[in-house]
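See below for the structure under consideration.
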Amino acid sequence: MTLIKSISGLRGTIGGVPGENLTPLDLVKFTSAYGQMIKERLKDAQPAKIVVGRDARISGEMVHELVIQTLIAQGFEVIDLGLSTTPTVEFATVNEKAKGGIILTASHNPAEWNALKLLNENGEFFSAEDGKQLLKYVDALAFEYSPVNKLGRRHKITDYIDRHIEKIKDLRFVDVELVRSKKFKVVVDSVHSTGGLAVPPLLRAFGVEVVELFSEPHGKFPHDPEPLEKNLGVLMNSVRVEGADFGIAVDPDVDRLALVDENGAMFGEEYTLVACADYILSKSPGACVSNLSSTRALRDLAHTYNVDYYASAVGEVNVVSMMKKVGAVIGGEGNGGVIYPENHYGRDALLGIALFLMLLSERELKVSALRNTYTSYFMAKEKLTLALSDTELSLVLEQLAEKYAAHSPLCIDGVKIDFEDSWVHLRKSNTEPIVRIYSEAKSLEEAKALADKFGAELRSLA
């Protein structure tokens, strides 16, 4: 059982002992610290709005009530979206002119996990500095609650997913009628979470025939909810059986998008962003951004459009920060997360679906043929558990960087070492107590060998 307090929020496994697991006490403390930060920033400008929404995991209702009632105890007007998606909560935070938002989701983690993702008034994730300040409030129990005559209230709004879909339809490079004319057929795996409330309605709004898998949002995941090939066998087979144009899988909070081609083969989660960037760059050439652990194929695509490519540290907040710094027209993460500033500075699977539909409609290619237009790379993603403190792990990674100094390793987030036709990136996870080892090469065998090699080197140095 695990509890992870970090600058990006609170994440853990439900039940167990306070301070070691995600318990009601931990949830109330963390929410209270967040509320206190917001109140102190506002000075006397009360009451203020906070938007709250959740994915469909089993613990969601319990966590939802604890968080909302804590915010009410602090005097906030809570905009309760109920079952929703991460990008929808981000959109609602801005649209409601709220002072913050909380998304209750452990994203791709299994059913025993839940988490609080914290947003600022722009509907964007907390910065590192905000996160550090929040942890000080948590550790010091530095918060207080409102007297009875100044308690907050709950306002339920149930149509924000519909509003979100309408916003995407209205984007300037989205042509709903063009997509309608193509009469696509798509299979959707919503992993029994809130994707079932959002993805099929979005597709039907574009005139797409939808075959639904695992749409009911009861939170009993039918498989590991991370949208990776090893977990998507039913979807891949269904695309073939149904004769669909492609398949879609999303994670429980609908900020990651994975695609399956018409043959039931994975398009590659790393290539979701590449394809969406291809469409946007064809309309509005400009800089693009992904994180250090994302495929080189985006850099290659940028070069074909004669625009700049930039790499950021891993984490949505870091990608967004880099995008703003360089004025990027599109960016995201290689885990299927697409960020389009004209929509919002946040990963959004619904937005990614719309851009992918537009690209297919204009190119008039099968999904497999589209995939073959991009540089072909293969990635290995491994996890390694080491009994090291953060300080000890940093020292080990420094040693590794020194060993490969001739390759000018990047050390803004762990260590990334670039070779001529491959690269490897080693870093501590933000969401799990592990070290992630990502590698990419021109073949899967080479990528796996590279990950294994550096995993062994990491163990030897530890």
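None of the figures in this text is laboratory data; all of them are computed from the coordinates on show. None of these values were measured; they are calculated from a predicted model. Quick reminder, even Gly has a Cβ in these numbers, built from the backbone with ideal geometry, and neighbours come from all protein chains shown.
Give me the net charge of residue 143's neighbourhood, meaning all other residues with Cβ under 10 Å from the Cβ of residue 143; Lys, Arg count +1, Asp, Glu -1. Walk me through the numbers on the way to the answer.
On the way: positive: 29, 39; negative: 40, 144.
Its environment carries a net charge of 0.
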For this session: Note down the net charge around residue 38, summing +1 for each Lys or Arg and -1 for each Asp or Glu among other residues with Cβ under 9 Å from its Cβ.
Result: +1
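I'm checking a number: the convex hull volume of the Cα atoms of the stretch 92-165, normalised per residue, in Å³. What is it? Don't jump to the answer; show the numbers that get you there.
On the way: hull volume 12.0 nm³, N = 74.
Cα convex hull per residue, to the nearest whole number: 163 Å³.
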Problem set entry | Intensity falloff of the stretch 226-316 expressed as log10 I(q)/I(0), Debye formula with alpha-carbon point scatterers, at q = 0.17, 0.25 Å⁻¹ | -0.79, -1.17
Exercise. By a straight-distance test (C-alpha under 17 Å), which aspartates and glutamates pair with residue 167 as possible cross-link partners, with residues fewer than eight away in the same chain excluded?
Worked result: 90, 96, 159, 175, 177, 255, 342, 348
Problem set entry | Charge dipole of the chain about the Cα centre (unit charges at C-beta), most positive-ward option of 369, 344, 410 | 344
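Taking square-rooted eigenvalues a ≥ b ≥ c of the alpha carbon gyration tensor, is the stretch 378-461 rounded, prolate or oblate, where a/c under 1.5 means rounded and, failing that, a/b exceeding b/c means prolate?
Oblate is the answer for the stretch 378-461, as a/c is 1.5 or above yet b/c matches or exceeds a/b.
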Seminar exercise, completed: With residue 414 itself left out, Lys, Arg at +1 and Asp, Glu at -1 over residues whose Cβ is under 9 Å from its Cβ give +3
Exercise. Straight-line reach from residue 381: which lysines have Cα under 17 Å away, leaving out those fewer than 8 places along the same chain?
Worked result: 230, 416, 428, 442, 448, 453
Exercise. Counting only Cα, what are the radius of gyration and maximum Cα-Cα distance Dmax of the stretch 312-443, in Å?
Worked result: 17.5, 53
Problem set entry | Residues whose placed amide H lies under 5 Å from that of residue 423, excluding near-sequence neighbours | 440
Problem set entry | Highest-first arrangement of 78-90, 275-287, 25-37, 141-153, where packing means the average Cβ count within 10 Å | 78-90, 25-37, 275-287, 141-153
Exercise. Projected area of the stretch 182-371, taken from the Cα convex hull and averaged over every viewing direction, in nm²?
Worked result: 9.6
